[in-house]
Amino acid sequence: MATSSIRISPYRKPCVPALTDTHNDYVPPLDYSFKGVSTFPEVMEEEPRPRNTSIPKSPSKTIESKDKSAMKSDTRSIRLNNNSLENWSGITDTVISLLTNPNTLGWLDVSFNHLTTIDKAILDYPSLTVLYLHGNDIADMKQTDNLSTLQKLRTLTLHGNPIENQFGYRPYTLGRCPNLKNFDFSGVTKSDWATSKTWNILYKAKEKKKKPIELVP
């Protein structure tokens, strides 16, 4: 197990939707929270936490290869919260090693790490509906641009990152994720969408004025 410092949540545990749903066929998430890992490849060396026995198990949801140490799960959810991840390097190979169908990853929790970016590698998972990124070190609001093509994304968290304190944080993010239903554990209202639309129109106009005029010879 890695010895890097683990980021502990300073917040009270929020009331959030269940980690499994009908789309997951009651397959619990692979839970690698509080493992002390600092890179995604290190996850492959760890054992997931025991599953919640109160959730009914679906038959044949774990695939075992000839190598007894190599296990893959049919779950669509992975928990990596409260670790020491600093970047997204290796996430693709890690997800491939953990899931039977990597492209169906629908729920990813990487909250309370030390991530500074939202890497485009996340776009390899178009089925993502829930993405928890709160409690990281993301300081550039434009990092949320990388989420714009995740059309199925319905729940997103980013609070507890430096960008939370930047002007226009909520309307800017909603402008990049037009299908969100829940943002930072708060439902997205019609008023939120109206504000976001107006704010982003003004923002784009302001950014357009900043672009230098190209002189044609």
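What follows is calculated from the coordinates using simple rules that are stated; it is not laboratory data. All values derive from a computational prediction rather than experimental measurement.
One quarter of the convex hull surface, Cα atoms only: what value does that give for the range 67-206 in nm²?
Value for the range 67-206: 8.6 nm².
Going down the table (Lys35/Lys197; Lys35/Lys190; Lys72/Lys190; Lys120/Lys204; Lys35/Lys152; Lys72/Lys120), which pairs top 32 Å between alpha carbons?
Lys35/Lys197; Lys35/Lys190; Lys72/Lys190
Send over the per residue convex hull volume for the range 142-206, Cα only, as a whole number of Å³.
83
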